[in-house]
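Derivation of every value follows stated rules applied to the coordinates shown; laboratory data play no part. As the structure is a computational prediction, the values presented were derived from the model and not from experiment. All Cβ positions, glycine included, derive from the backbone under ideal geometry; neighbour counts span all protein chains shown.
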Amino acid sequence: MSEHTSAAVCSTTAPESHGFLEKINEEWHKPALQLYMFIVLAHWAEHLVQAFQIYVLGWAVPDSRGILGQFFPWIVKSEALHYGYAITMLIGLWILRKGFVGRSKVWWMISFWIQFWHHIEHALLQGQAIAGTNLFDKPVPVSIVQLWVPRVELHLFYNTVVFIPMVIAMYYHMFPPAGEEAHASCGCRWTPKKSKKRAHAAS
């Protein structure tokens with residue numbers, strides 16, 4: 001066998017090496033999404049608890065700090081932590097996007113672009129905290145839309161409009177329309193237990 005033929009055989013039989021981004025959108029996509037959604041839901045729950053404290057319990061806004069904020073008040077006051085979550089969520093949306101196809105990817109990217117703007121708003125707040133100077137001579141750091149909408153309501157709205165298309169994307173990802181499931185390279189598609197047992201028995 002010539003060197004040329006040997007090299008050709010090796011190139012076709014050698015297993016493909018997958019990097020981190022490929023793996024996290026293929027065999028690791030399901031556990032990565034589960035971890036990511038846990039973080040998203042935990043943060044979302046904090047906003048809902050804060051809204052409950054304000055509108056149902058009648059607490060003053062400074063005293064309405066969600067769950068963790070009641071034990072660690074500095075968490076709510078730290079712009080760095082708020083920005084850290086915003087950028088973490090944005091990075092997660094971007095990294096996990098390649099595991100989605102068809103309609104699920106469309107909705108996932110809608111969530112990404114809304115979160116991109118949400119992240120810009122938090123970046124403005126963090127920038128003011130670092131510089132020690134607030135925009136528009138306000139007594140506290142302020143974002144653009146916050147000039148018209150109070151901060152609590154604004155970021156509750158942002159998290160809502162990011163979360164809704166994300167949920168729709170997850171639905172289409174787990175229950176893909178006919179023709180789209182063949183293009184998915186991960187194991188996130190929901191399969192009834194009976195079907196799983198039949199597939200296992202057939203193998």
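Things to note:
- Test item: Cα-centred dipole of region 23-186, Lys/Arg +1 and Asp/Glu -1 on Cβ, debye: 140
- Overall size of region 25-101 from C-alpha positions, given as principal axis extents largest first: 46, 25, 19 Å.
- Listed by Cβ neighbour count within 10 Å, with the fewest neighbours leading, F157, F163, F20 appear as F20, F157, F163.
- Computed E for R151/R103 - FRET, C-beta separation, R0 25 angstrom, nearest 0.05: 0.15
- The stretch between F136 and F71, if pulled fully straight at 0.36 nm per residue, gains 20.2 nm over its current Cα-Cα span.
- One Cα centroid belongs to region 39-60, the other to region 149-165; the line between them spans 12 Å.
- Positive-end ranking of I164, N134, S104 along the dipole of region 23-186, with charges on Cβ about the Cα centre, is headed by S104.
- Kirkwood analysis of the Cα pair distances in region 67-156 returns a hydrodynamic radius of 14.5 Å.
- Sorted ascending by nearby beta carbons within 10 Å, beginning with the fewest, D63, D137 become D137, D63.
- Rg over Rh for region 23-186 works out to 1.03, both radii taken from alpha-carbon positions and Rh defined as the Kirkwood radius.
- For G66, nonlocal amide neighbours, meaning residues 5 or more places apart or on other chains whose placed amide H falls under 5 Å from its own, are Q50.
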